[in-house]
Amino acid sequence: MLVILQDLHDQLGYIDSTVVELVAGELNISRADVHGVVTFYTDFRTEPAGGVSVRLCRAEACKSVGAERVVEHAQQVFGVQVGQTTPDGSVTLDQVFCLGNCALGPAAQVNGKMYGRVDSDRLVEILATTETADPAPATSPGESS
Ligand code: FES
C-alpha cells in the first residue's frame, strides 16, 4: 500500500479522501486502514500544496541554532502559520522534525531541495531563486474535469 500511495502522491501532489477510497477498494481493505497510513506519514499531503513548498526543520539541533526565528520570520513574510498555504496558492509552509541535515542547521527544504545554515535573509534569497512547481491537478481521480 505504501508504494502505491507514494506513487499516487508523486503524481497528484496529495492524497485526499477520494484517493483513499480508491486505494481501499482496489486493495480490498478498509478506508480507515488507508487513512491511517496517509495520516501517519507526514510527507503525505491531504490537500494540494502551493507552487513552492517550504519545509522548515524545528527539531532540537536546528532549534538550538535559530530555527524558531526562521519559522517566525517565514510566518510573517507569508502571512500563514506552518501547515498552511498562502491564499494565492503560491507557498505552502510546513514544519518537519529533522531533515537529516542537523550539522548544517537551521535546515530547510524548498521544493525538495535541501538547504543548510538558513536564516531569515537566506530564506528570502532561496525563495527568490526557486522556480514555482506546477500546481497540483484541480481534480482527483474519479472526478471529471
Ligand atoms: S534537527 Fe534539523 S535537520 Fe536534524
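Looking at segment 1-114, the helices (runs of 4 or more DSSP H) lying wholly inside it that each contain 3 or more residues that are hydrophobic (A, V, I, L, M, F, W, C) and more than 14 Å from the chain's Cα centre (by Cα) sit at 2-12, 17-27, 31-40, 67-78. Within segment 88-103, residues that are in contact (Cβ under 8 Å) with a residue 24 or more places away in the chain and more than 7 Å from the ligand (Cβ to nearest atom) have Cβ atoms under 8 Å from residues that are open to solvent by 70 Å² or more (accessible area, probe 1.4 Å) and assigned to a strand (DSSP E or B) in these pairs: 92/84; 93/84, counting only partners at least 6 apart in sequence or on another chain.
Listed here are the residues, each with its yes/no results for (1) modelled with pLDDT under 95; (2) under 28 Å from residue 40 (Cβ atoms); (3) open to solvent by less than 80 Å² (accessible area, probe 1.4 Å); (4) more than 11 Å from the ligand (Cβ to nearest atom).
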position: 108; (1), (2), (3), (4): no, yes, yes, no
position: 114; (1), (2), (3), (4): no, yes, yes, no
position: 121; (1), (2), (3), (4): yes, no, no, yes
position: 124; (1), (2), (3), (4): yes, no, yes, yes
position: 130; (1), (2), (3), (4): yes, no, yes, yes
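Note on segment 1-16: residues that are more than 17 Å from residue 51 (Cβ to Cβ), surrounded by 13 or more Cβ atoms within 10 Å (Cβ to Cβ) and in contact with a helix residue (DSSP H, G or I) (Cβ under 8 Å, 6 or more places away or on another chain) amount to 5.
The values are calculated or read from the model by the stated rules, or taken from the named source; none is laboratory data. All of these numbers come straight from a predicted model, not from anything done at the bench. Because the Cβ atoms are built from the backbone with ideal geometry, glycine has one as well, and the counts that use them run over all protein chains shown. Calculation scope for accessible area: heavy atoms of the full protein, side chains included, ligands and nucleic acids excluded. Shrake-Rupley method; radii C 1.70, N 1.55, O 1.52, S 1.80 Å.
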